[in-house]
Structure formats: C-alpha cells, structure tokens
Amino acid sequence: MDKVAGRIFKINGPIVSAKLKEMLKMMELVYVSELRLVGEVLAIENDIATIQVYEDTSGVKPGDEVYGSGLPLSVELGPGLIGNVFDGIQRPLEEIGKRSGIYIGRGINIPALDREKKWHFNPLVKEGDILNGGEIIGEVDETSLVKHKILASPDISGRIVKVYPEGDYKLDDPVLIVIDKENREIEVKMYHRWPVKFPRPVYKRLKPTLPLLTGQRVVDLFFPIAKGGTAGIPGGFGTGKTITQHQLAKWADAQVIVYIGCGERGNEITEVLEDFPKLIDPRTGKPLMERTILIANTSNMPVTAREASIYTGITLAEYYRDMGYDVALMADSTSRWAEALRELSGRLEEMPAEEGFPAYLGSKLAAFYERAGYCETRSKKYGSITVIGAVSPPGGDFSEPVTQNTKRFVRCFWELDKFLASSRHYPSINWMRSYSQYVDDINDWWNTNIAQDYREVRIRSFEILQKEDKLQKIVKLIGPDALPDSEQLYLDVAKMIKIGFLQQSAYDDIDTYSSPEKQLKILRLILKFFDKAAMLIKNSVPIAIIRGMKIIPSILRIKISVPNDDLAKIDEIERLMEEEFKSIEKEYVE
C-alpha cells in the first residue's frame, strides 16, 4: 500500500489541492481518495500540493486522502505494446472494457502490459559483458512484422553476472542480473518504466537526410518530409485531416506507427478503431495493427488525460526508435491538446495569454516537436521519429495561436484548403501556401536513388502553378478568352498538374499509392506536353487545336490506369503524345 501523503482541502474540477503530511516530489504520480484516482503533482508551495487528476473527480471530497507513489508519471515499455489500444495514461482499453463495460470505470489501475503472457526471449548478451543503459539485451517476436529488441532501462548500467537461457518468460521474470558500480545486484526484466515528460537519452542527434516516402504525390514530390522531421496539418472541419493522416499511417515507409487520437470526437476514434484492424499493410499483406499502437483519448474523456496522451505517445515512439526503427507518430489533433492546456491553466488561475491559452503554449509545443529527430541510439542503432501533428483551427482561422505556434516549430507545413475540399480535390493541401524545408536535405537521396532531375521537375511544376495563380486574378476580371494563347496554355497545363498529379484518391486501388518513379514520370510527361505545346503556339497553332488533343485524357488517367509495377505504359503514352504533336506540326506548321 502506498503511503498517505496528505489530505484534500480544495477541489476545482480535475485540479485538487492537498495539505501534505509527507513531502511529495514535483511530477510525482499520486492516487487520490479511496477511489485511487490517478494524479500528478503540478506544484508544491510550503505544505500545499497542487495535483491534476487524470480521471473524473465526481464524489471526491475535502478530507479524502492522497497517496504518494514515489514515482513520476511513467509508461511501461516492453513487449505487448504493438497492436494494443491505450488511453492517455497508458491504460489498456480492451482490458478495462472487460472489467467495467463500455464506460471506463474510475480507479481501475490495470498494468499496461499483460503480466501473464509468456514471450520467447532470445538473449543477445553474455555473462561478463558490461551493460550500458539503453542497450539491447535480447529479442522477442512481438508480431510477425516487428522484432522487439529488449532494451535495458537507460538508468541501469553495470557488469552482467547472469544471463538466463533462451526460453519463454513472463514480463515479471528476470532475464539478466547486473552488478552496478555500487555493487548492488539488479534484476533486469523484459520491460521497464520511463517518465513520459523526460525525453529518452540518445547517443547523437543527426541531420535528417532520408525522405519519409508516403506514396502521396503532393507530399513526396512537392512538400516532402524527412525521416525524423516534423510536419503540421492545419485545416478546418471537413478538409480531410483525418483521412490524410490515415493515408500517411498506411503508406509511410516507417516500421512502427503511433496514432494518438487526442481529444477528437468519439465517432472519429471509433472509425480509427474499426478501420485500422481491417487495414492490410500493403507491403506485407498482414494487418496494419501488427505495427501500430493506438492511443484513444476522445473529447468526452477527462481533459487532463488528453493533455498526457501526447507525452505517452511520444515516449512509446522514442522506445521503438531506440531499437533502431523508423517511427511515424500521428497526433490528431494538437488543437484539442492545447484546449486541455487552456482549461487546466484556467483551473490553476494562471494569467491567460492570447485567446485564453496559457503563455507557455509555445514552449509546450516546442518541447513536444523537438522530441522528433533522426538519432544514433545508445545501442549504436539508427532510428527516427517523424511527428505529424494535425491542427484544427476553429472556423479554419489559421491566425489563431495553436496554428501560428505550430508553424514556428515544424519544418513542413501542409495547409488544408476548404475550397479544394469542397471541390472534392483531395488531399486538399494548398500548393500555394504550404511549404517544406526538407527539400535540400533529401535532394541527394532523390539524385542517387531515383533521378537527377528531381529538383528541376519540382521547380518547373511550381513555376507553372504560380503563373496560373497570378493569371487567375486577371481571368476573374476579364475572362480566360482575353488572354493570349501562350498564357491560356499555362491555365490548361496547370489544370493537368492539378487533376493528373496533385489530386489523388485514397479509395482507388492504383491511385492510393504512387511510387517515386511513377510520380516523376507523370510530372515529366506533363512538362514535356507543356514544352511541345508552347513550341506549336509559338508557330501560330491555335490553343483550341492543342485542347482537342486525344492524348490529354490518357495523361490525366495515368494515375489510375498505370500500376506502379508497369511504368512502361507511361513510355507508351509518351510515344503516342509525340506522334500526335508531330501530326499537328505537319498539318499546321510545315
């Protein structure tokens, strides 16, 4: 039984004040009242502790006792995380459902990881080895897609004096015995705990230079993100944030996905919980859940647990990064997390800043996003965490504080456009207002692995879209027919880029994913069309003749008609296009 640390004398929603009998530590995990509600110490002043409770405090009253645990708010890290669904403080929702039904009962403290299940442990160290904190000590087949590297806790080091033989063990069974510098004997198990608000240490942080390929053309070619990078997806209601994140979770070339449903509506989280187990990992043909961890914290769950869910998710991501995996973390949405901060700040009677958010909103967001990165781990492996945070600005107002602060800390910004979404153009990423600062970092990878003309193709496509954007202002005043044919061509080719390249269907078997080679081939073909059409117009061929070319529909349909493994069909379309241009030239120029 934990020690009685004090008694409650004031309750303000999830914020509880207690008069202490025993001293608690800052950020210590505590249990409130006989209900054993989970809480965390936020502040200590003299003998008064301010505690935020991660569960509903209904029925808690002055005089109830507070119990200290001696530990900070932590998560359990070990086999059994993949494929599981947790709430914001890492309680396993499936197990809770068995005990309390469809609603989460209060005070239910179930271990996050199953203590009864046996795992086949294969040791990778031997007696006499020196063990440093955070190093790999063995392996477990967690799922058919993820080989779980058992890590020693970063705060354990010493000489290994006993290694248990390969075999089946429960999580509470020791697998190593280590003697530390103070000659203490430490039993090392297959799991350990780590405080969620402290980043896990790494050996070295490195510059991200490898792209996180997603198969989404507007992302990979126009606004790429590197492995270990950060991206924000702001968009109003209905602009496609959730489906965009689903696509990224499904297709991104990361070995582990951590999906945080942070304060979203219950029906959206339900959709995730129903869809993800049915989704098939396209690379392996196995269920996507075999490399996914879900953290579900809906808008009707306690606000404080929503605030904790972001930290829980990033700590789980750091754990798999330390094994040498590339991890993609989706946070949907950071706006709801910021709203939880705002409510807690109000309860704590802190001075509000812009729009009622706390003055430390920016530093909290920065602390979250800076835990992304490409690293050399303590076990000398290379791993990354790519953080993609959705932002839900009220009414699509991108000037509000969460969007503006996110923009300060991410290097990739995919702004979702309500007009594009209402036009059924998905992904509705606005190509004029989005940006990526990773283009130069990943340029060498494209040049080495795909083609040397990546940068040139990207820049030329942007130039056409920018020219079309300027011309649209004139078109609104005088109509397109008043433009010369050479400028009308910009309008036509920009439309081809939008429809034939930028627009992408998540529900089409071929179009849902485009390989980098296919992406470049499509854009090259459209640019070649532009160059040849521009030459004909220069030679006085009317724009109406070019608009009537039979090859145009074939170019626009490449995305849905040519599979990634049959790109020779694009070469055939290019040959037919050149023949049609030659016949027009023969008829009108010679």
With the condition kept exactly as written, say whether any residue in the stretch 329-339 is modelled with pLDDT of 90 or more, out of contact with any Cys (no Cβ under 9 Å at 6 or more places or on another chain), in a helix (DSSP H, G or I) and not hydroxyl-bearing (Ser, Thr, Tyr).
yes
Would you tally the residues in the stretch 503-519 being surrounded by fewer than 22 Cβ atoms within 10 Å (Cβ to Cβ), assigned to a helix (DSSP H, G or I) and touching a helix residue (DSSP H, G or I) at 6+ places or on another chain (Cβ under 7 Å)?
1
Mind listing whichever residues of the stretch 346-400 are assigned to a strand (DSSP E or B), surrounded by fewer than 15 Cβ atoms within 10 Å (Cβ to Cβ) and touching a Lys or Arg at 6+ places or on another chain (Cβ under 6 Å)?
none
Restricting attention to the stretch 283-301, the residues that are of a type outside the set (Asp, Glu), more than 19 Å from Thr312 (Cα to Cα) and either open to solvent by 40 Å² or more (accessible area, probe 1.4 Å) or in contact (Cβ under 8 Å) with a residue 40 or more places away in the chain (or both) number exactly 5
Keeping to the stretch 68-82, report how many residues are under 18 Å from Glu95 (Cβ atoms), open to solvent by 10 Å² or more (accessible area, probe 1.4 Å) and out of contact with any Pro (no Cβ under 8 Å at 6 or more places or on another chain).
2
Check Lys10 against each of (1) open to solvent by 50 Å² or more (accessible area, probe 1.4 Å); (2) in contact with a Phe, Trp or Tyr (Cβ under 8 Å, 6 or more places away or on another chain); (3) not aliphatic (A, V, I, L, M) and name the one condition it does not meet.
(2)
Restricting the stretch 463-479 to residues that are open to solvent by less than 30 Å² (accessible area, probe 1.4 Å) and either within 21 Å of Gln503 (Cβ to Cβ) or in contact with a Lys or Arg (Cβ under 6 Å, 6 or more places away or on another chain) (or both), the residue that is modelled with the lowest pLDDT:
Val475
Take the conditions within 30 Å of Asp485 (Cα to Cα), of a type in the set (D, E, K, R), within 36 Å of the chain's Cα centre (by Cα) and surrounded by fewer than 19 Cβ atoms within 10 Å (Cβ to Cβ) and apply them to Arg524. Does it pass?
yes
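Table: residues versus (1) assigned to a loop (DSSP other than H, G, I, E, B); (2) closer than 30 Å to Thr230 by Cα; (3) out of contact with any Gly (no Cβ under 8 Å at 6 or more places or on another chain).
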site: Ile442; (1), (2), (3): no, yes, yes
site: Trp446; (1), (2), (3): no, yes, yes
site: Ala451; (1), (2), (3): yes, yes, yes
site: Phe462; (1), (2), (3): no, yes, yes
site: Lys473; (1), (2), (3): no, no, yes
site: Tyr490; (1), (2), (3): no, no, yes
Do we have Ile555 as open to solvent by less than 30 Å² (accessible area, probe 1.4 Å) and farther than 21 Å from Asp509 by Cβ here?
no
For the stretch 183-208, name all the residues that are under 22 Å from Phe368 (Cα atoms) and either open to solvent by 60 Å² or more (accessible area, probe 1.4 Å) or of a type in the set (Phe, Trp, Tyr) (or both).
Arg193, Trp194, Phe198, Pro199, Tyr203, Lys204, Arg205, Lys207
Do we find a residue being of a type in the set (Gly, Ala, Ser) and open to solvent by 50 Å² or more (accessible area, probe 1.4 Å) anywhere in the stretch 449-458?
no
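The values are calculated or read from the model by the stated rules, or taken from the named source; none is laboratory data. None of these values were measured; they are calculated from a predicted model. Neighbour counts are summed over all protein chains in view; Cβ atoms, including those assigned to glycine, are modelled from backbone coordinates with ideal geometry. Ligands, DNA and RNA are excluded from the accessible area calculation, which covers all protein heavy atoms including side chains. Shrake-Rupley method; radii C 1.70, N 1.55, O 1.52, S 1.80 Å.
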